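One structure is given below, encoded as structure tokens.
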Amino acid sequence: MHKQRVVFVHGLGSFGAAAWPKQHGMALAYDALFLRRHGFDVAAEPVGSSVAADVAIVINSLADTGGGHVVAHEQGAISAMLAAIERPDLVHSLSLVEPACLSLTAELPATASHRALMEPLFDVRSQLNDADYQREYYRRAFSAETGGLDTPEARRSARRLRLQAPPWEAPLHIVPGVPTLVLTGGWEPLYEEIAGYLQETGALRRVAAGGHRPQDSVDGDHIIRSFVGDVGRAMSVQAS
């Protein structure tokens, strides 16, 4: 039996399969691909982010099977949504986890407040070293402290973070007309504001415990699997 493809698009931190520990088991029922966005590599030096390159990665991962489901976290949701706008024939569903789609809600209060907090840091990032930038980024964005950069992997991660473009600059201004789930952790007004906007445009909205990574919780994982499964079964019925 042919397995439907599911493509996973990571956010800022871990990437590839490491970004989706609870979803590994979906490979039993689906043709699962755990992508690496542009500039994310195990050994190579990080390079600046590119939304266009990320969109191409998503589209190319779907083209050889005639399409599939896309599950995306944080900044990865930007390229996932843009891919669905560019190639709606290939994106069967979108599951957006804590989506950093700030350009959609630029005029709303929580988004404007977040940008006012983060933009001064982005403006001086070329003047900061990787460790100082990472420390200040996590303090402002998550009210959290970061560990030391005592491994090559940690140093690459900090460098990569400093090279990411501000999410509010992404050219995302419309919502694709595909079945969409938006999952948040219920902890941060910014993501709840974005989720509310997407809900008003037709998305199914759900909340699960887990902070910025609700996909790692039992409930969050179940919500994602149920949504993808429901859309997939509905497609199979229509095709039969």
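The values are calculated or read from the model by the stated rules, or taken from the named source; none is laboratory data. Keep in mind it's a predicted model, so treat the numbers as computed, not measured. Neighbour counts are summed over all protein chains in view; Cβ atoms, including those assigned to glycine, are modelled from backbone coordinates with ideal geometry. To get the accessible areas, we keep the full protein, side chains included, count just its heavy atoms, and leave off ligands, DNA and RNA. Shrake-Rupley method; radii C 1.70, N 1.55, O 1.52, S 1.80 Å.
A few points about this structure:
- Restricting attention to the stretch 116-141, the residues being without any contact (Cβ under 8 Å) to a residue 24 or more places away in the chain, over 22 Å from the mean Cα position of the chain (by Cα) and open to solvent by less than 30 Å² (accessible area, probe 1.4 Å) number 0.
- Of the residues making up the stretch 147-170, just one is surrounded by fewer than 16 Cβ atoms within 10 Å (Cβ to Cβ), closer than 22 Å to M118 by Cβ and free of Cβ contacts under 8 Å to residues at least 40 places away in the same chain, namely G147.
- Residue check for T180: under 14 Å from L96 (Cα atoms), among the hydroxyl-bearing types (S, T, Y) and touching a Phe, Trp or Tyr at 6+ places or on another chain (Cβ under 8 Å): no
- Count of the stretch 21-46 residues which are of a type in the set (A, V, I, L, M), open to solvent by 40 Å² or more (accessible area, probe 1.4 Å) and either within 23 Å of H222 (Cβ to Cβ) or not in a loop (DSSP other than H, G, I, E, B) (or both): 4
- Counting residues in the stretch 217-233 that are of a type outside the set (K, R), out of contact with any Leu (no Cβ under 6 Å at 6 or more places or on another chain), part of a loop (DSSP other than H, G, I, E, B) and open to solvent by 20 Å² or more (accessible area, probe 1.4 Å) gives one or more.
- Among the criteria (1) at pLDDT 95 or above; (2) within 22 Å of S79 (Cβ to Cβ); (3) open to solvent by less than 60 Å² (accessible area, probe 1.4 Å); (4) out of contact with any strand residue (DSSP E or B) (no Cβ under 6 Å at 6 or more places or on another chain), the one A208 does not fulfil is (2).
- For the stretch 54-99, a residue qualifies if it is surrounded by fewer than 24 Cβ atoms within 10 Å (Cβ to Cβ), small (G, A, S) and over 22 Å from G229 (Cα atoms), and exactly one does: A56.
- Single unsatisfied condition, A18 versus (1) in contact with a Phe, Trp or Tyr (Cβ under 6 Å, 6 or more places away or on another chain); (2) assigned to a helix (DSSP H, G or I); (3) surrounded by fewer than 16 Cβ atoms within 10 Å (Cβ to Cβ): (1)
- Looking only at the stretch 198-216, and only at residues there that are closer than 14 Å to P179 by Cα and assigned to a helix (DSSP H, G or I), the one that is farthest from the chain's Cα centre (by Cα): E200
- Enumeration of residues in the stretch 171-187 that are under 17 Å from L12 (Cα atoms) and open to solvent by 10 Å² or more (accessible area, probe 1.4 Å): G185
Okay, residues lined up against (1) closer than 30 Å to V237 by Cα; (2) out of contact with any helix residue (DSSP H, G or I) (no Cβ under 7 Å at 6 or more places or on another chain):
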| site | (1), (2) |
| --- | --- |
| F15 | no, yes |
| L28 | yes, yes |
| L33 | yes, no |
| R37 | no, no |
| S50 | no, yes |
| V58 | yes, no |
| L90 | yes, no |
| E98 | no, no |
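- Taken together, A165, A154, A84, A158 contain a single residue that is at pLDDT below 95 and under 17 Å from the mean Cα position of the chain (by Cα), which is A165.
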